[in-house]
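Data block below; observations after.
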Amino acid sequence: MEWQTLGVEPVLTPDEMAAVDAAASERMGDLVQRAGGAVARSALGLLGGGYGRRAHVVAGPGNNGADGRVAAELLRRRGVRVSIGDHADSIPADAALDLVIDAAFGTGLSRPYAPPDLPGDVPVLAVDIPSGLDGRTGGFCGAPWRATATITFAALKSGLLLGHGPEFCGRVEVADIGLSVEAEVGTGDHLTRALITNGDVGRCWPRRAADAHKWMSAVWIIGGAPGMTGAAALTAEAAGRAGAGYVLVSAPPTVGSRSSTDDGRDVAGGHLPGAPLPVETVVRSLAATGGVDGWPHTVADEQRVGALVIGNGLGCGTLVLDGVVRLLALSDAAVVLDADALGAGGARLLDACAHRRATTVLTPHDGEYEALMGEAPGDDRLAAAARLAERSGAIALLKGPTTVVAAPDGRVRLSSAGDQRLATAGTGDVLAGVIGAALALGEGDALTTVAVAAHVHGTAAMGGPATGFRAGDLPKLVGAALDDLVR
Ligand SMILES: NC(=O)C1=CN([C@@H]2O[C@H](COP(=O)(O)OP(=O)(O)OC[C@H]3O[C@@H](n4cnc5c(N)ncnc54)[C@H](O)[C@@H]3O)[C@@H](O)[C@H]2O)[C@@H](O)CC1
Ligand SMILES: Nc1ncnc2c1ncn2[C@@H]1O[C@H](COP(=O)(O)OP(=O)(O)O)[C@@H](O)[C@H]1O
């Protein structure tokens, strides 16, 4: 999927788009004329001209179909030979088509739809959203064609960004047809839902002040127990590359004893040598005396850190959870909870988050989400992230090909940066470090800061090799991506 647009990108659900339509002062007929004009322009681009080209329009019963019919007429005037069928008609197999326009259904799709067979591998231009995709979740509601390009109106629809959307919508273009979405979803930081763009990173990434000193952007990573130091090393390297002025790493002493783990794993003995931490990292030991009571106090007493990142290679167990919960209560710093800190948390951890006043960020993948919430996120990832944010009072970052970041106030940010090269162990540890650094550096809107960090992480990955990409490659690429995006 490619984006042709830059700048603040509102993302609407079909219900919100319907509300925008309903509130429009202009007649639907005029909007349809403009939408059809935009479809025709886009089609001419894909056709590489008008005269002599052949196109077929699949036009459904609603406004989406009306857009397609207007486009058909405009294309005819440009010399394109156009045939039209309704959503159930088969496509003439005898014509050598240069383009099929999918105007069967848009956001009004209410039951599964399977389009007719496509003749060969003819390019498809989808109007608003490929017919057969759920406009909210991007899940299948039928069997959509895979579009070469999609032209959508007024604003992006969430179904283009989530689920199967990115795979099925091709290149996405947002056409302005004179509708304002502001009244429905707000603007700027107050936007209900937005896609993070490169422009947002340039605008919102927190910078160091000229008179900064290293403690003004310090990150303390609590993780990296014996046998799992690699995770903390990746987080530390990423925090440094993302601009943290001071990076500390501590492994809670409770994790290092056999008796401290629920599953009886011997994490203290017999492990391989630890992964080297970046040489700039300061390793601080935590008070072992007093066990679980000691280390949260040691961390919370250090008032100079801007952000704590807890969980990368931390190890799991009741005593660890006890320590994390206590630390959440004691510390006033922003906290990112990742990996092991999420896996065994459940309701107790969510309650501890809900009692905090400072920023808390939860960064689960689907398994960790289920451990926290007692149920899988399901198809509606917007709703899933919102549920977690509401339950915990934290910023919920739900990982996936498109990352969904939700705030407890209902706002959501999406990042579609990155691709499958990130599906490799340790990239999440890097993300936690980047978020930690961004929070330590900045005092801006926390939701934007976290989402922009996710976008930087995804963008950075695209600078790495398509095959054999390792999480260890990523921190340096984060530095390079920031150099590129933040000027
Ligand atoms: N957003 C806007 O302001 C504008 C939207 N326009 C287009 O209008 C679309 C929304 O219009 P509509 O609400 O008419 O929605 P659709 O054009 O998606 O069609 C909905 C109609 O199809 C029927 N239907 C739904 N699923 C079906 C199925 N599987 N089989 C058979 N019939 C089915 C519904 O009962 C309803 O009558 C947008 O996606 C966009 O393409 C444009 O016309 C211009 C303005
Ligand atoms: N197919 C994919 N496309 C884009 N991003 C992906 C894909 N798979 C994973 N990611 C991203 O990679 C990261 C993986 O994090 P995580 O699962 O926590 O890894 P780990 O625990 O091994 O460090 C997340 O930021 C996630 O959004």
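The values are calculated or read from the model by the stated rules, or taken from the named source; none is laboratory data. Computed from a predicted model, the values in this text were never measured in an experiment. Backbone-built Cβ (ideal geometry, glycine too); neighbour counts: all protein chains shown.
Annotations for the structure displayed:
- Meets criteria (within 16 Å of ligand 1 (Cβ to nearest atom), under 18 Å from Val174 (Cβ atoms), within 33 Å of the chain's Cα centre (by Cα) and of a type outside the set (Gly, Ala, Ser)) for Arg41: yes
- Filter result for Ala423 (without any contact (Cβ under 8 Å) to a residue 24 or more places away in the chain and farther than 25 Å from Gly135 by Cβ): yes
- Pairs linking a residue in region 128-148 that is within 17 Å of Val174 (Cα to Cα) to a residue that is in a strand (DSSP E or B) and polar (S, T, N, Q), with Cβ atoms under 6 Å and 6 or more positions apart or on different chains, are Asp128/Thr152.
- Only one of the listed residues (Val122, Val100, Val127) is out of contact with any Leu (no Cβ under 8 Å at 6 or more places or on another chain), assigned by TED's automatic domain parsing to the domain that holds Asp15 and farther than 24 Å from Ala383 by Cα. That residue is Val127.
- Exclusive hit being more than 8 Å from ligand 1 (Cβ to nearest atom), at pLDDT 95 or above, surrounded by fewer than 20 Cβ atoms within 10 Å (Cβ to Cβ) and assigned by TED's automatic domain parsing to the domain that holds Val172, set Ala143, Ala147: Ala143
- Taken over region 6-35, the criterion of being in contact with a Phe, Trp or Tyr (Cβ under 9 Å, 6 or more places away or on another chain) and either acidic (Asp, Glu) or more than 9 Å from ligand 1 (Cβ to nearest atom) (or both) is satisfied by Glu9 alone.
- The set of residues in region 82-131 that are out of contact with any helix residue (DSSP H, G or I) (no Cβ under 9 Å at 6 or more places or on another chain) and charged (D, E, K, R) comprises Asp89, Asp94, Arg111, Asp117, Asp121.
- Hits in region 184-241 - residues which are among the hydroxyl-bearing types (Ser, Thr, Tyr) and assigned to a loop (DSSP other than H, G, I, E, B): Thr187, Thr192, Thr197
- First in region 53-69 and over 23 Å from Asp94 (Cα atoms) and in the same structural domain as Tyr113 (by TED's automatic domain parsing), second anywhere and of a type outside the set (A, V, I, L, M, F, W, C) and assigned to a strand (DSSP E or B), Cβ under 8 Å, 6 or more apart: Pro61/Asp86; Gly65/Asp86
- Condition check for Glu368: charged (D, E, K, R) and more than 11 Å from ligand 2 (Cβ to nearest atom): no
- Filter pass, Ala423 being within 15 Å of Val361 (Cβ to Cβ), in the same structural domain as Pro206 (by TED's automatic domain parsing) and not hydroxyl-bearing (Ser, Thr, Tyr): no
- Any strands (runs of 3 or more DSSP E) falling wholly within region 24-119 and containing at least 3 residues that are surrounded by 23 or more Cβ atoms within 10 Å (Cβ to Cβ): 54-59, 99-103
- Being at pLDDT 95 or above and near ligand 1 (Cβ under 9 Å from one of its atoms) holds for only one residue in His87, His56, and it is His87.
- Selected residue (only one of Ala175, Ala218, Ala154, Ala209 is modelled with pLDDT of 95 or more, farther than 19 Å from Glu16 by Cα and not polar (S, T, N, Q)): Ala218
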